[in-house]
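Right, one structure below, let's go through it.
The values are calculated or read from the model by the stated rules, or taken from the named source; none is laboratory data. These figures come from a predicted structure and were not determined experimentally. Don't worry about glycine lacking a Cβ; one is built from the backbone with ideal geometry, like all the others, and counts go over all protein chains shown.
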């Protein structure tokens with residue numbers, strides 16, 4: 001079975017396929033795997049789709065596409081969410097505007113350079129994969145950490161030997177964070193070096 005480019009694009013739009021897998025297209029179109037891959041590659045050559053990982057694509061026609069939407073697809077089947085500098089900059093906690101998208105996952109650290117941006121994933125133990133929710137920006141939906149959890153994720157990772165991340169730098173005279181929540185969340189980490197850093201920085 002084969003479909004025209006127009007039919008494929010119409011089908012993708014009907015199913016709100018913004019970031020998706022080849023398997024997703026196969027499921028809704030009934031195309032054979034080889035035919036689906038060939039069709040997506042053809043659309044990519046026309047600037048209508050882009051491959052961001054083997055078997056993972058984005059629709060270049062998706063309205064308001066946010067690179068954050070790609071985060072769970074890039075580390076699947078492991079869970080992943082946007083965190084660290086990306087969330088802290090978006091929430092005004094730090095001044096630095098990252099040039100890459102930062103995410104965390106229980107999978108091994110990994111970097112991706114894609115047509116929609118560069119992604120840096122850092123390893124976070126599975127027991128610490130909490131404190132995030134689904135956010136919406138226009139038509140885009142993505143999983144991102146709460147500011148306090150993103151802050152703690154970053155401090156925790158900065159304390160891990162050989163991790164390339166640095167501690168967050170305060171934007172103003174005080175941290176723009178919910179301190180009671182920060183304290184509660186820090187208790188769930190159960191990591192004494194994190195507690196000591198927070199005490200030294202007058203956060204607990």
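Brief remarks follow.
- Some residue of the range 144-155 being part of a strand (DSSP E or B), touching a helix residue (DSSP H, G or I) at 6+ places or on another chain (Cβ under 7 Å) and modelled with pLDDT of 95 or more: yes
- Qualifying residue in the range 95-106 (condition: part of a loop (DSSP other than H, G, I, E, B), assigned by TED's automatic domain parsing to the domain that holds residue 189 and surrounded by 19 or more Cβ atoms within 10 Å (Cβ to Cβ)): no
- Among the residues making up the range 17-53, those that are under 19 Å from residue 139 (Cβ atoms) and free of Cβ contacts under 8 Å to residues at least 24 places away in the same chain are 24, 28, 49.
- Here the range 157-189 is the region considered, the condition is being closer than 21 Å to residue 95 by Cβ and assigned to a helix (DSSP H, G or I), and the residue that is modelled with the lowest pLDDT is 179.
- Filtering the range 45-59 to residues that are part of a loop (DSSP other than H, G, I, E, B) and under 18 Å from the mean Cα position of the chain (by Cα) leaves 54, 55.
- Filtered by the rule that a residue be more than 19 Å from residue 81 (Cα to Cα) and either in the same structural domain as residue 14 (by TED's automatic domain parsing) or touching a residue at least 24 places away in the same chain (Cβ under 8 Å) (or both), the range 136-167 gives 159, 167.
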